[in-house]
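Let me begin by presenting the structure, written as structure tokens, before commenting on it.
Rule-based calculations on the coordinates, nothing more; no lab input. These numbers were taken from a predicted model, which means no experiment stands behind them. Neighbour counts are summed over all protein chains in view; Cβ atoms, including those assigned to glycine, are modelled from backbone coordinates with ideal geometry.
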Amino acid sequence: MTLPRLDRVRPATRRPVTGAVVVLHGGSPNNREAADGLRLPYLRMVPFARSLASAGARRGVDVGLLRYRYRGWNAPDLDPVQDARWALRDLRQRHGDVPVVLVGHSMGGRTALRVGGDEGVVGVAGLAPWIERGEPWEHLTGQTVLIAHGDRERMTSPQASRWFAGRVATISDRVARFDVLGDGHTMLRRASDWHDLVTHFALGALGLEPFTEPVAKAMAAGDPDGLEVPLENP
């Protein structure tokens, strides 16, 4: 039987675990081949996990990179959604009721947003999330949400993520969305900016540091100004 796996990327620390981040990689619409750690969607999220682990270890943050059972979304089964919920249960068994932030890219972003209203989740970051028409959003009431999309995106829809952010902003006052100028779906041209944005958002959502000024301002501005924020090249 194929099982999901939560690969922990936490530097050695003796501090008790006070919070957790689950990183969710991308995939494809329909594929029941086994996911593994050698494919590009998984490998692209390793630097995110390492950045989060490096910044959070001294503060008791456990970071795990989820390896799905299968490579696809596979409706109506929604296999990665099932796997993400397995990861949340695993964290509760290991650490108790610690707060959790979900960070997902592409299909992983869709997955994170789908389970973002689950017990214990205090923040969701969707990076170039794959959003379809009719995507549910009402379960994110009051949630802390970050969405970011490159303006050179060719795989998923920035317009759809903008629509989704607008819907969530009607039920939460902690929503920010950024247009990452000059980058596309792989998030490689401005990799360090993506990593920094996500790392500080996660720490802020866990209550370990204030949100950065751009994120705090975007949340305060709401729709439309806070959902169309250009993340310019430094």
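A few notes on this one:
- Sequence-distant contacts, meaning Cα pairs under 8 Å at least 6 residues apart, place the relative contact order of region 5-231 at 18 percent.
- Region 84-165: GluC sites (Glu not before Pro) in DSSP coil with no more than 11 other Cβ atoms inside 10 Å: GLU119
- Computed [θ] at 222 nm, helices only, for the chain once each DSSP H run of length n ≥ 4 contributes -39500 (n - 2.57): -10500 deg cm²/dmol
- Between SER54, VAL81, ALA35, the Cα set farthest toward the positive side of the dipole of region 9-105 (charges on each charged residue's Cβ, about the Cα centre) is that of SER54.
- Loop-exposed trypsin sites (Lys or Arg not before Pro) per DSSP, neighbour cap 10 Cβ within 10 angstrom, longest uninterrupted part of the chain: 15-132
- Backbone phi angles across region 189-199, fed through the Karplus curve with coefficients 6.51, -1.76 and 1.60 (θ = phi - 60°), yield HN-Hα couplings of 5, 10, 4, 5, 5, 4, 4, 5, 4, 6, 4 Hz in residue order; Gly and Pro are listed as x.
- Converting phi to 3J(HN,Hα) with the Karplus coefficients 6.51, -1.76 and 1.60 and the offset θ = phi - 60°, region 22-27 yields 10, 9, 10, 8, x, x Hz in sequence order, with x at every glycine or proline.
- Around the Cα centre of the chain, unit charges on the Cβ atoms of Lys, Arg, Asp and Glu (plus for the first two, minus for the last two) sum to a dipole of about 860 debye.
- Amide H contacts under 5 Å for TYR70, placed H, 5+ residues apart: ALA35
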